[in-house]
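The values are calculated or read from the model by the stated rules, or taken from the named source; none is laboratory data. Model, not experiment: these values are computed from the prediction. For neighbour counting, all protein chains shown are included, and Cβ atoms are generated from backbone atoms with ideal geometry for every residue, glycine included.
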Amino acid sequence: MNTRLACHLAALACVLVTPSLQAANLSIPEAKADEAARSVAAMLVAGRGVVASHQKLINDPDKGDKGFTPDYVAEQMSEAFAKSTGTRPEGITDPDVKAAVMATLDASKKAIANNQSRINQPGKAFKGFIPAVYGRVTGNILKGESGVEIKQTTFEPRNSYNTPDAYELGILKRFAETKPSVGTGEKVGTSYRYLQPIYIQEACLQCHGDPKGEKDIAGKTKEGYKLGDLRGAISVTLPVR
Ligand code: HEC
């Protein structure tokens, strides 16, 4: 066999083998689903916070390598997760909850890894690697790798990926009326569905605030939200067994 053909065959073998190397889809016992869903949402909130608090670094045009690596981000996220839940992810005792949280952390690391050239691009200020983008990319990876879904959904999605389904729309409408401070979950069919409200804070106004209709730094149209308005929800869908 010539070398060229051998190379092609080796590459083909890789393509064929890869799916079996992927993590199996998770399925969480019903009794643990609520804790798992809240923990997954807490991990995403931790990641959003880390990306938000490093915007100045990420958008520094004078710096190439930012050191905003998957390992660095994972450590910052684990600390933030510990602050909000009382436990670092590796310290979670329940194996199913831990698996869901670790899958979210792993997907976050991959999202950061996949965006290194964007984050480290020298000579460019605003990179557009904002919390919502981190969350969307992470959710997309997580879905493919574990079957767990995370969406940042809203009535007025800037990105059509975040468009609510019928279930999410119903809960969003309820949230808009009752303005709860915590999330809510229930079993729906073979899934556990959990939504956690997101409200407009000071830091969101530069892009989502007034004047409505004007362009923000990302070149998108400002929605004219006011402080405390419901912006949307983090939606977690877990397969249950
Ligand atoms: C630098 C501008 C900017 C800031 C600041 C910002 N956002 Fe966004 N936001 C965006 C962009 C751009 C998108 C679309 C992202 C995408 O393509 O997925 C978005 C999307 C979202 C989404 C997903 C739903 C959708 O519209 O697609 C939510 C939820 C959200 N933002 C909430 C917030 C909250 C809460 C804050 C403040 C804590 C905030 N954003 C701050 C620019 C911003």
### Summary
Of (1) within 15 Å of the ligand (Cβ to nearest atom); (2) closer than 24 Å to Met43 by Cα, Val188 satisfies every one except (1)
### Message
Take Val40 and tell me if it is more than 22 Å from Arg118 (Cα to Cα) and either in contact with a helix residue (DSSP H, G or I) (Cβ under 7 Å, 6 or more places away or on another chain) or not in a helix (DSSP H, G or I) (or both).
### Response
yes
### Task
Identify all residues within region 136-167 that are in contact with an Asp or Glu (Cβ under 9 Å, 6 or more places away or on another chain) and more than 8 Å from the ligand (Cβ to nearest atom); write none if there are none.
Gly139, Ile141, Leu142, Lys143, Glu145, Ser146, Lys151
### Query
What are the residues in region 170-184 that are within 25 Å of Ala31 (Cβ to Cβ), over 18 Å from the mean Cα position of the chain (by Cα) and touching a residue at least 24 places away in the same chain (Cβ under 8 Å), if any?
Ile171
### Task
For region 208-217, name all the residues that are surrounded by fewer than 15 Cβ atoms within 10 Å (Cβ to Cβ) and under 16 Å from Phe126 (Cα atoms).
Lys215, Ile217
### Query
Which residue, of Tyr161, Tyr167, Tyr192, is within 20 Å of the chain's Cα centre (by Cα) and not in a helix (DSSP H, G or I)?
Tyr192
### Message
Residue under question is Gly224, and the condition is that it be part of a loop (DSSP other than H, G, I, E, B), of a type in the set (Gly, Ala, Ser) and in contact with a Pro (Cβ under 8 Å, 6 or more places away or on another chain); does it hold?
### Response
yes
### Task
State the number of residues belonging to region 55-87 that are within 13 Å of the ligand (Cβ to nearest atom) and under 17 Å from the mean Cα position of the chain (by Cα).
1
### Query
Failed condition for Lys215, given (1) over 18 Å from the mean Cα position of the chain (by Cα); (2) within 25 Å of Asp96 (Cβ to Cβ), with all others met?
(2)
### Query
Within region 208-220, which residues are within 13 Å of the ligand (Cβ to nearest atom) and without any contact (Cβ under 8 Å) to a residue 40 or more places away in the chain?
His208, Gly209, Glu214, Lys215, Asp216, Gly219
### Message
Tell me yes or no: at least one residue of region 98-117 is of a type in the set (Lys, Arg), touching a residue at least 24 places away in the same chain (Cβ under 8 Å) and either touching a Cys at 6+ places or on another chain (Cβ under 8 Å) or part of a loop (DSSP other than H, G, I, E, B) (or both).
### Response
no
### Message
When you check Glu35 against the structure, is it in contact with a helix residue (DSSP H, G or I) (Cβ under 7 Å, 6 or more places away or on another chain), at pLDDT 95 or above and acidic (Asp, Glu), yes or no?
### Response
yes
### Task
State whether the residues of region 142-153 include one that is in contact (Cβ under 8 Å) with a residue 40 or more places away in the chain, closer than 26 Å to Lys56 by Cα and in a loop (DSSP other than H, G, I, E, B).
no
### Query
Within the group Pro180, Pro211, which residue is in contact with a helix residue (DSSP H, G or I) (Cβ under 9 Å, 6 or more places away or on another chain) and assigned to a loop (DSSP other than H, G, I, E, B)?
Pro180
### Task
Read through the list (1) in contact with a helix residue (DSSP H, G or I) (Cβ under 9 Å, 6 or more places away or on another chain); (2) hydroxyl-bearing (Ser, Thr, Tyr); (3) within 12 Å of the ligand (Cβ to nearest atom), then give the number of the only condition that Tyr199 fails.
(1)
